[in-house]
Amino acid sequence: MTVREHKGKSLFALPDDYTVVDIETNGMTAGESEILEVSAIRFRNGRSTGVFSTLVRPKRTIDPFITRLTGITDGMAADAPEPYEVMRRFYVFVGSDVIIGHNVHFDVDFLYDGIAAQTGEFLTNDFVDTLRLSRKALPTLENHKLATVAAHYGISAAGAHRALRDCEICNACYIRLKSDILSAELPIACAAAVDNAAIIKRG
């Protein structure tokens, strides 16, 4: 079992300033499978202030199932940046932001391992999981997959399973979940209590 002693905390919170993150991978096990794509969108008070998105050059042939799911082919990734460059650039981009994602432990674990292996740094950012929020706000849904939550809110999931598009879908769902939780006054620890003013960006 991999120990990620510097990994950030899972917050049950509704921050206004954050970065939405999504990855696509060539397998399901962090530390063993490769990251194929990394995307992130930075938000400040509901407005996008920056976008990071790139494929990552894999060392192994992409699994046919992954190609069918994502549309990412060996040819598309052949000229992508090397993992070191992507991990270094992503680490700088995300800075100390709270990370938001759907089933975000998956993404954070892959990125934590990738950044540590490639740069020697640690991804210590705290994170908010919209999967967890959806279980609180929408307890009667048949499941809480991103596509199901998006469909509940009438948000198009077209283009899903590419990292940047999944970031966009996730953020749209987060905005609706946040509104529902706040309007219903559902109990949520530290709702909107993240001190964004104290965030120091990495250079």
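The values are calculated or read from the model by the stated rules, or taken from the named source; none is laboratory data. Predicted model only: the values in this text are computed from it and were never measured. Positions of Cβ are generated from backbone atoms using ideal geometry, with glycine treated the same way; all protein chains shown enter the neighbour counts. Accessible surface is based on the protein model in full, side chains and every heavy atom, while ligands, DNA and RNA are left aside. Shrake-Rupley method; radii C 1.70, N 1.55, O 1.52, S 1.80 Å.
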Discussion item. Taking the criterion of being free of Cβ contacts under 8 Å to residues at least 60 places away in the same chain, under 20 Å from Gly8 (Cβ atoms), open to solvent by 70 Å² or more (accessible area, probe 1.4 Å) and not hydrophobic (A, V, I, L, M, F, W, C), would at least one residue in segment 177-189 satisfy it?
Written reply: no
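One line per residue, one yes/no per condition, for (1) closer than 14 Å to Leu111 by Cα; (2) within 16 Å of the chain's Cα centre (by Cα):
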residue: Arg4; (1), (2): yes, no
residue: Pro15; (1), (2): no, yes
residue: Tyr18; (1), (2): no, yes
residue: Met28; (1), (2): yes, yes
residue: Ser33; (1), (2): yes, no
residue: Val38; (1), (2): yes, yes
residue: Arg44; (1), (2): no, no
Fill in: Complete set of residues in segment 156-176 that are open to solvent by 40 Å² or more (accessible area, probe 1.4 Å), hydrophobic (A, V, I, L, M, F, W, C), in a helix (DSSP H, G or I) and closer than 21 Å to Leu55 by Cα
Leu164
Item to complete: Could you name every one of the helices (runs of 4 or more DSSP H) located completely within segment 59-106 that has at least 3 residues being more than 27 Å from Gly120 (Cβ to Cβ) and either open to solvent by 40 Å² or more (accessible area, probe 1.4 Å) or touching a residue at least 24 places away in the same chain (Cβ under 8 Å) (or both)?
Response: 64-70, 74-77
Practice prompt. Please tell me if Lys136 is among the charged types (D, E, K, R), closer than 16 Å to Pro15 by Cβ, at pLDDT 95 or above and outside any loop (DSSP other than H, G, I, E, B).
Written response: no
